[in-house]
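Visitor: One structure is given below, represented as structure tokens, and several questions about it will come after.
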Amino acid sequence: MSGAPTLALANVSKSFGAVRALRDVSLELFAGEAHALAGENGAGKSTLVKTLAGVHRPDTGQVLLNGEPVVFTGPADAQQAGVAVIYQEPTLFPDLSVAENIFMGRQPRRTLGRIDRKEMHGQARRLFERLGVALDPEQPSRGLSIADQQLVEIAKALSREARVLVMDEPTAALSGNEVARLFSVVEALREHGCAILFISHRLDEIFSLCQRVTTLRDGAWIASEPVAGLTHDDLVRRMVGRELGTLYPKEAAELGEVALQVDRLTREGVFTDVSFQVRRGEIVALAGLVGAGRSEVARAVFGVDRWDAGSVSVAGRPLPAGSPTAAMGAGLALVPEDRRQQGLVMELSIERNIGLTGLGSLRRGVTISRTAERDRAKDWAVRLQLKFARLSDGVGVLSGGNQQKVVLAKWLATKPSVLIVDEPTRGIDVGTKAEVHRLLSELAGQGIAVLMISSDLPEVLGMADRVLVMHEGRLTAELSRADATEESVMNAATGRAA
Amino acid sequence: MAKVLRWDVLVGALLIAVFAAGSLTSPGFATVDNLSFALGDLGEIALIALAMTMLVVAAEVDLSVASVLGLSSALVGSLWDGGMAIEAIIPIAVLTGAVCGLVNGLLVTRLGLPSLAVTIGTLALYRGLAYVVLGDRAVAQFPPDYTALAVNDVPGTPIPYPIAVFVLLAAAVGVVLHATGFGRALYAIGAQEQAAFFAGIRVKRIKLLLFVISGTVAAFAGVVFTLRYGSARADNGVGIELAVIAAVLLGGVDFDGGKGTLGGVIAGVLLIGLLRNLLMLGDVSTEIQSIVTGLLLIVSVLTPRLVSLVRPALKGSP
Ligand SMILES: Nc1ncnc2c1ncn2[C@@H]1O[C@H](COP(=O)(O)OP(=O)(O)OP(=O)(O)O)[C@@H](O)[C@H]1O
Ligand SMILES: [Mg+2]
């Protein structure tokens, strides 16, 4: 690379109270280069992104634009300088349409400054075509799945035709097809001279998209180096600072009786005739493309959505439709996909969030026992290696991956007999991912039935005893562990199955 | 740092400041008699504020409380006029309030309507019903045993009976809000309803219950009001929903739900009470009193936002 980097950080430090999120970190982004940022949960990646985006100002150190020091006083400055950012958590306005969100503040105009809706919808449609996404620009953003929200954020960033594109875990909720489409679009941008910063906990994606990688550990810079010549294990070692064992250790467990039985479950226009069972000790994966209806099935089974026909029973007892409380009583737990809206109450503390699923069991007489509440939180925080300062801190200040751990803790603490997990490792780093997998395997070993929705194919293949594949609201395949391969799953997921 | 600027502490300080200012400027203010009277005058607002606190924490609101109070008063008057025993009238009036709350709650939870809109509607509806029941008449001459209960102090203290009831109820609501699962659920519902629902909390049932409690308490306050003034009228308590909401918001409960403490609300209620009393001692017209209530409402909504804007600037960086 010749010349000054398009955008760079020089010796940047940033603290939040006692937490030192970035310590003397430097990073250079060059035109025509895709740069990866790797690190465990809480390593400081999102903080670095927000510093580039003008959301945070560095305590010490500088931001450099084309080699010249600049001060971004806010996100507007960074946008002005040609920096487009996809944040880790989608931040769409729910009451605006998809297209309005994409062109917020930059709507195409007609005479007298009136918004040209036709042009706006046309542009949005063309963006979605480039990304290969079937989303309607005129639909409201409320109710979009987390993956669709992510895609809208991507379209929004692309529409800025920026010189620097920063992406904080854009693929965390996407499945293979969407990731491939995104990568080909990003690749094209890079060839046109765009500088890219890319964050992902799926290391394969870093290897396939990026030329250079910078690793952070506990806020400190560890290395910046070319990706070529680096192995998967090298990268993990830099992130974690030690060797990791095998990643997907699902052990064969004795299968017990049927714990969850779903019969011809139908919700009109969403999914049709879905039947399956999960036995005690079994991990069943539900695979498929984004929008295939997997999360919707999970939500209906747990009772947060209604169903129109069919039945669900747990341990042989039928479950009433539409009652999460009854489902929990029967031993069901659902770790939902959208942690900001469904998984967590952002304003509440870590311990309150974990306690929320156990308000009954934490009771001593009339009142909640504060010690029991705290012990429950502490116990699970330690088991999941949560990175936190105090249990009374709001979950909102935790890093994305650590928030996900709180959601897991909250549900595992209910000691469920049937555990449904929707993208359980979304945004979780390699080390903890192995830990979550070990935990799921252990839970199955204790006789819990696990239904796992995942867009991460290696995770599906590594963890599942059986793989169910959905396509457009129907089950299209059931594959045993032996038959499940990347190819057979993808074929069924895209509707190409024999 | 954050603790220093806690809102409920701030309101507590303001309360002391108003008290000090009152004692200095108005000679009749800081006497046991006047303060006891001021407390008594606050009874209905204080009682209703307890129920309102729970509603607002859960991100709902009930604007119909003053009308329920009026309807309850009108019922008491009309039934008493018709010769019914007061022992039977009081439960009927309170039960009617529960039904009013149930209607509010059903409209909000079953039809998914916003409570602001629903209770503006029932604010007009219930007041209208009060006029249907009693017309423009005023009914008086209630049994002295009962009116005495509404006015007199608990023997040996300067605390009027309605305030004693308030203290007991406040203790109960304090425990419920801050130490029970029900309270935990209220804060979760107010802050992120969907996550609360996903956690197995029966959101609709809880909201329905809150509206029923609100209606019941408002009707009970209507009985207290009627006996205290010894006069049942359809227009009793017009507009006090604003004083109640001002007290709750002044107390630091966020109108968007999920935040606030009962301690703060009690400070807010007392603050409103002292101000009303001072204005009354100063012979200030009711128009000005209503202007003051309005200003307080705006200030209490505005100030926490300003504080949260200013606070990061004080700390140096966002
Ligand atoms: N606004 C904030 N206030 C306090 N602490 C914060 C804030 N933002 C981040 N932190 C802390 O800074 C550290 C780094 O967080 P950051 O979000 O940058 O991690 P990350 O590398 O993006 O992790 P993940 O992979 O989980 O998304 C964490 O310990 C986090 O709790
Ligand atoms: Mg992050």
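The values are calculated or read from the model by the stated rules, or taken from the named source; none is laboratory data. Only a predicted model underlies this, so the values are computations on that prediction, with no experimental measurement involved. Positions of Cβ are backbone-derived with ideal geometry, glycine not excepted, and every protein chain shown enters the neighbour counts.
Visitor: Just one of A:E68, A:E33, A:E40, A:E89 is charged (D, E, K, R), within 26 Å of the chain's Cα centre (by Cα) and more than 14 Å from ligand 2 (Cβ to nearest atom); which is it?
Guide: Just a single option satisfies the conditions, and that option is A:E33.
Visitor: Next up: Of everything in region A:289-334 that's surrounded by fewer than 16 Cβ atoms within 10 Å (Cβ to Cβ) and part of a strand (DSSP E or B), which residue is farthest from the other protein chains (Cβ to nearest Cβ)?
Guide: Among those that are surrounded by fewer than 16 Cβ atoms within 10 Å (Cβ to Cβ) and part of a strand (DSSP E or B), it is A:A309.
Visitor: Working only within region A:80-114, note down all residues that are exposed (fewer than 13 other Cβ atoms within 10 Å of the Cβ), of a type outside the set (K, R) and away from ligand 1 (no atom under 16 Å from the Cβ).
Guide: Within region A:80-114, A:Q80, A:F93, A:P94, A:D95, A:M104, A:G105, A:T111, A:L112, A:G113 meet the criteria.
Visitor: Here are the criteria: (1) more than 26 Å from B:G268 (Cα to Cα); (2) touching a residue at least 60 places away in the same chain (Cβ under 8 Å). Tell me which single one B:G128 does not satisfy.
Guide: Single failed check for B:G128: (2).
Visitor: Name the single residue that is modelled with the highest pLDDT among those in region A:399-438 being among the acidic types (D, E) and farther than 20 Å from A:L332 by Cβ.
Guide: Checked region A:399-438; the qualifying residue modelled with the highest pLDDT is A:D429.
Per-residue answers, yes or no, for (1) in the same structural domain as A:I199 (by TED's automatic domain parsing); (2) over 30 Å from A:R238 (Cα atoms); (3) within 16 Å of ligand 2 (Cβ to nearest atom):
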| residue | (1), (2), (3) |
| --- | --- |
| A:S369 | no, yes, no |
| A:R376 | no, yes, no |
| A:W380 | no, no, no |
| A:Q403 | no, no, yes |
| A:H437 | no, no, no |
| A:A444 | no, yes, no |
| A:S454 | no, no, no |
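Visitor: Confirm whether B:L111 is farther than 20 Å from B:V223 by Cα and free of Cβ contacts under 8 Å to residues at least 40 places away in the same chain.
Guide: In short, yes.
Visitor: Is it fair to say A:V469 is in a helix (DSSP H, G or I) and crowded, with 22+ Cβ neighbours inside 10 Å?
Guide: The answer is no for A:V469.
Visitor: Let me ask something else. Would you mention how many residues in region A:378-418 are closer than 15 Å to A:G355 by Cβ, part of a helix (DSSP H, G or I) and either more than 13 Å from chain B (Cβ to nearest Cβ) or near ligand 1 (Cβ under 9 Å from one of its atoms) (or both)?
Guide: Within region A:378-418, residues that are closer than 15 Å to A:G355 by Cβ, part of a helix (DSSP H, G or I) and either more than 13 Å from chain B (Cβ to nearest Cβ) or near ligand 1 (Cβ under 9 Å from one of its atoms) (or both) number 6.
Visitor: For region B:136-191, enumerate the residues that are touching a residue at least 60 places away in the same chain (Cβ under 8 Å), more than 30 Å from B:G257 (Cα to Cα) and of a type in the set (V, I, T).
Guide: B:V139, B:T147, B:V151, B:I159
Visitor: Test A:G54 against the criterion of being outside the structural domain of A:M346 (by TED's automatic domain parsing), within 16 Å of ligand 2 (Cβ to nearest atom) and either surrounded by 22 or more Cβ atoms within 10 Å (Cβ to Cβ) or free of Cβ contacts under 8 Å to residues at least 24 places away in the same chain (or both), and give yes or no.
Guide: On the way: outside the structural domain of A:M346 (by TED's automatic domain parsing): yes; within 16 Å of ligand 2 (Cβ to nearest atom): no; either surrounded by 22 or more Cβ atoms within 10 Å (Cβ to Cβ) or free of Cβ contacts under 8 Å to residues at least 24 places away in the same chain (or both): yes.
When the stated conditions are applied, A:G54 does not pass them.
Visitor: Looking at region A:17-73, which of the residues that are under 19 Å from A:I196 (Cβ atoms) and of a type in the set (D, E) is farthest from ligand 1 (Cβ to nearest atom)?
Guide: A:E33
Visitor: Can you name every one of the helices (runs of 4 or more DSSP H) wholly within region B:192-300 that holds 1 or more residues which are away from chain A (no Cβ under 14 Å)? Talk me through it step by step, then tell me what you get.
Guide: Working: elements: B:193-198, B:203-229, B:240-250, B:262-281.
It comes to B:203-229, B:240-250, B:262-281.
Visitor: Pick from B:A124, B:A58: which is surrounded by 24 or more Cβ atoms within 10 Å (Cβ to Cβ) and small (G, A, S)?
Guide: B:A58
Visitor: Can you confirm whether A:E442 is surrounded by fewer than 20 Cβ atoms within 10 Å (Cβ to Cβ), more than 13 Å from the chain's Cα centre (by Cα), within 16 Å of ligand 1 (Cβ to nearest atom) and not in a strand (DSSP E or B)? Write out each step before concluding.
Guide: On the way: surrounded by fewer than 20 Cβ atoms within 10 Å (Cβ to Cβ): yes; more than 13 Å from the chain's Cα centre (by Cα): yes; within 16 Å of ligand 1 (Cβ to nearest atom): no; not in a strand (DSSP E or B): yes.
For A:E442, the condition - surrounded by fewer than 20 Cβ atoms within 10 Å (Cβ to Cβ), more than 13 Å from the chain's Cα centre (by Cα), within 16 Å of ligand 1 (Cβ to nearest atom) and not in a strand (DSSP E or B) - is not met.
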